[in-house]
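One structure below.
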Amino acid sequence: MQPTYTREAEAYREKVHAFLAEKLPTNWQGIGRLEGDELADFVTEWRRTLHAAGYLAPGWPAEYGGGGLSALEQVIIAEEFAKAGVPTGSPNDVFGIQMLGNTLLQWGTEEQKRRYLPRILSNEDIWCQGYSEPNAGSDLANLGLRAQLDGDQWILNGQKIWTSAGHLANHIFTLARTDPEAPRHKGISFLLVDMRQPGIEVRPIKMISGESEFNEVFYTDATTPRDEVVGGVNNGWAVAMTLLGYERGEAAATLPIRFQAEIDRLLLLARERGVAGQPVIRQRLADAYGRVQIMRYSGMRALTRFLKGHHPGPEGGTFKLYWSEYHKIVTELAVDILGAEAMVPSGRKPSSAFRADDGGAPNSSWSWVGTFLNARAGTIYAGSSQIQRNILGEMVLGLPKEPR
């Protein structure tokens, strides 16, 4: 692990600082200070600013509209944006840019790259992810969505579930079974599907927080052209695993920063409520603080490997397992500090159902309670804790497979 940066890297960091100072409003305190239309308007305009500066897809080659930046420069951007409390794009960009775009650069045909990458950056094509199904969550190979070739098009029938931001998207990259006779991990293809057709129905799912950030998606004789397959017919499993690596790639740089800001805010809350000196609360705060420091050094180790050219492998599950289990603990502590107020929360709600609230968020009871409710799902989405432990045991530690 190398926790320091070179002089050249620090010079680039100053360049990012200058960009933020020029483009952000005076006295900027973080996106967590915004809500409602003000928040939506800022994200829309900020995305245009990033696109114009080459920061929207900093790692993509310039020929496809990206910034052409090095891995180290991308890490610095992610770190500084997280510290400043600004997003790296709009909510669906994690699917369109970070996940699908990077996967197309590795697996897509030249025609697919030329067609889709510019449309992702312009926000003409807004993507979501069609992986999980009612009977295929962490056991993704059990998926049942069928895609049957009929002349020059695929016909899809089946269902996806837990489709995050699907109600905001107009395209979905989806895994479908194209050879039902093949073994489970075989016979799966990675298809690109336009959602603006009668055969696609999106139904929002109401969460415990009262929001609806994810959905069910139903395919009823939905269609997509024959050549909208990425990585070849029946080779979708390999493509899907590549994409999941990109899904978790940025977390090592940004999550320790976000969780550090969150624990700092929690310490302030404890002082404001006059409970910071209570022995049990003080012990729990110290435990949470220590866990964030462990996360920070774990992130540094992952970043060191990334900067040396190593792509995330199965050991990346350690980080996801650690932060998601930690976040349940720290948000439970926040609710205990709030006490009875947590039963009737008020103030600004968190602006996202994923991970910590945004930078600059106030110490409102709704911010903490909403984050507490959302943290329940962190140990399930993107691979449940049970599955992460199986992966680490079998693929990293070399332990015997779990009996079937």
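For the reader, a short list of remarks on this structure follows.
- When ALA382 is tested against the conditions (1) open to solvent by less than 50 Å² (accessible area, probe 1.4 Å); (2) at pLDDT 90 or above; (3) on the phi > 0 side of the Ramachandran plot; (4) assigned to a loop (DSSP other than H, G, I, E, B), the lone failure is (2).
- Members of segment 357-373 that are assigned to a loop (DSSP other than H, G, I, E, B) and under 18 Å from ARG271 (Cβ atoms): ALA361, PRO362, ASN363, SER364
- Residue that is surrounded by the fewest Cβ atoms within 10 Å (Cβ to Cβ) [pool: residues in segment 175-198 that are assigned to a strand (DSSP E or B) and touching a Lys or Arg at 6+ places or on another chain (Cβ under 7 Å)]: ARG177
- Residue check, ALA356 in contact (Cβ under 8 Å) with a residue 60 or more places away in the chain, under 23 Å from ASP287 (Cα atoms) and crowded, with 17+ Cβ neighbours inside 10 Å: yes
- The set of residues in segment 199-251 being in a helix (DSSP H, G or I) and either modelled with pLDDT of 85 or more or within 29 Å of GLY36 (Cα to Cα) (or both) consists of GLY236, TRP237, ALA238, VAL239, ALA240, GLU247, ARG248, ALA251.
- Scanning segment 30-68 for residues that are small (Gly, Ala, Ser), open to solvent by 30 Å² or more (accessible area, probe 1.4 Å) and part of a helix (DSSP H, G or I) returns GLY36, ALA40, ALA52, ALA53, ALA62.
- Just one of the listed residues (ILE120, ILE126, ILE155) is buried (at least 24 other Cβ atoms within 10 Å of the Cβ) and of a type in the set (Val, Ile, Thr), and it is ILE120.
- Looking only at residues in segment 101-160 that are in contact with a strand residue (DSSP E or B) (Cβ under 6 Å, 6 or more places away or on another chain) and part of a helix (DSSP H, G or I), the one that is farthest from TYR219 (Cα to Cα) is TRP107.
- Residue within segment 8-19 that is modelled with pLDDT under 95, assigned to a loop (DSSP other than H, G, I, E, B) and not aromatic (Phe, Trp, Tyr) present: no
- Lone qualifier among THR88, THR49, THR26 - being modelled with pLDDT of 90 or more and closer than 19 Å to ASP125 by Cβ: THR88
- Segment 201-215, subset in contact with a Leu (Cβ under 9 Å, 6 or more places away or on another chain) and either among the hydrophobic types (A, V, I, L, M, F, W, C) or closer than 18 Å to GLN159 by Cβ (or both), residue least open to solvent (accessible area, probe 1.4 Å): MET207
- Looking only at residues of segment 290-313 that are open to solvent by 50 Å² or more (accessible area, probe 1.4 Å), of a type outside the set (A, V, I, L, M, F, W, C) and part of a helix (DSSP H, G or I), we find that the one that is modelled with the highest pLDDT is ARG291.
- If you go through segment 238-297 and keep only what is charged (D, E, K, R) and either closer than 30 Å to ARG177 by Cα or in contact (Cβ under 8 Å) with a residue 60 or more places away in the chain (or both), you end up with GLU247, ARG248, GLU250, ARG258, GLU262, ARG265, GLU272, ARG273.
- Any hit, segment 216-227, residues being farther than 30 Å from ALA71 by Cα, open to solvent by less than 60 Å² (accessible area, probe 1.4 Å) and among the polar types (S, T, N, Q): yes
The values are calculated or read from the model by the stated rules, or taken from the named source; none is laboratory data. Nothing here was measured: the structure is a model prediction, and the numbers come from that model. FYI the Cβ positions are ideal-geometry reconstructions off the backbone, even for glycines, and counts take in every protein chain you see. For accessibility, only protein heavy atoms count, side chains too; no ligands or nucleic acids. Shrake-Rupley method; radii C 1.70, N 1.55, O 1.52, S 1.80 Å.
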